[in-house]
1. Over the chain, what is the relative contact order in percent, taking alpha-carbon pairs closer than 8 angstrom and at least six residues apart?
2. So who's got an amide H within less than 5 Å of the one on residue 52, skipping anything under 5 residues away but keeping other chains? H placed 1.01 Å off N, in plane.
3. Among DSSP beta bridges lying fully in the range 161-261, give the percent that are antiparallel, nearest 5.
4. Average projected area of the Cα convex hull of the chain, in nm²?
5. Farthest toward the dipole's positive end in the range 14-169, which of 67, 106, 148, given Cβ charges of +1 (Lys, Arg) and -1 (Asp, Glu) about the Cα centre?
6. Carbon and sulfur together cover what percent of the accessible area of the range 143-254 at a 1.4 Å probe radius?
7. Using helices alone, I'd like the mean residue ellipticity at 222 nm for the chain: each DSSP H run of four-plus residues gives -39500 (n - 2.57), total over residue count, nearest 500.
8. How would you classify the range 143-261 from its alpha-carbon gyration tensor, with a ≥ b ≥ c the square roots of the eigenvalues: rounded for a/c under 1.5, else prolate if a/b is greater than b/c, otherwise oblate?
Amino acid sequence: MVYRTDYHMHSSFSDGRSMPEEYVGYALTAGLSEMGFSDHLSVIDNLADNNMNPANISSYINYITKLQKETRNIKIRIGLEVDYFEEKEKEIGDFLQLQPLDYVIGSVHYLGKKSVDLGTEIYEHENINKLFESYFDSVCAAIASGLFDIIGHCDLIRIYGYRPSIDQEPLYRKLAKTMKAHDVVFEINTNGRNRPLADFYPNRKYLHIFREENVPLCVNSDAHMPSRVGQHFDEVYELLRYIGYTEMAIFEKRIRYMVPF
Ligand SMILES: [Zn+2]
Ligand SMILES: [Zn+2]
């Protein structure tokens, strides 16, 4: 069997529709060897109601640990998707250090206090070229922070389909080089297909850059409901083989291993 994982899914511990156990059957049907929960968490209180309260972290970890013990035929990993804020690096680090996690996805969902993916307001009021540059700068800072194992949807700024007029290749090149320098994994996130963008993150046009820079990857659905686990994975793996990828990253207790696919 081909080894496949999906490390990015949200349960009702954050903004997912269903409890963790309801995702297991779909993960098995999708032919996954491993699945991992990555519920949203932010160290900034009350930022958005789609986040898990950090005070609930123990019940989240205990719940999934119990599910791990009860589940056969698939490995269940415990992760988080954590908001990155440049001025909050210490708080994020202090919090994560105490948690028995398999991996942490770091994501930029905000530029300052403005959301990138909860509406188009920011795109209507800012210069799109500058917005793209700011977003990529913030993702590079997240990578360099050393706080995260995987970077979530590294060009989420494409979500509503706004396009910059500048040449984007240098943005992706810098992103990939920063990932390689800090030994951080990126994800192919298939949930962009369900958003106005209607495509994967990152932009397939620039995927070859990540290959050229030899950046490790994993493939994730960012499912917020069980039926979307492993969504579009056949297409992604075909694309990756075409680009020249032959292996992907898996994690256990925040240590990375590479497996062929
Ligand atoms: Zn996200
Ligand atoms: Zn997510």
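1. Once divided by the residue count of the chain, the mean separation gives 21 percent.
2. Amide H neighbours of residue 52, under 5 Å, 5+ apart: 40, 41, 42.
3. That works out to approximately 65 percent antiparallel.
4. If I average the Cα hull's projected area over directions, I get 12.6 nm².
5. Towards the positive end, the residue furthest out is 67.
6. 46
7. Mean residue ellipticity, 222 nm, calculated: -9500 deg cm²/dmol.
8. Note, shape of the range 143-261 comes out rounded.
The values are calculated or read from the model by the stated rules, or taken from the named source; none is laboratory data. Predicted model only: the values in this text are computed from it and were never measured. Positions of Cβ are backbone-derived with ideal geometry, glycine not excepted, and every protein chain shown enters the neighbour counts. The accessibility values were calculated without ligands, DNA or RNA, using every heavy atom of the protein model including side chains. Shrake-Rupley method; radii C 1.70, N 1.55, O 1.52, S 1.80 Å.
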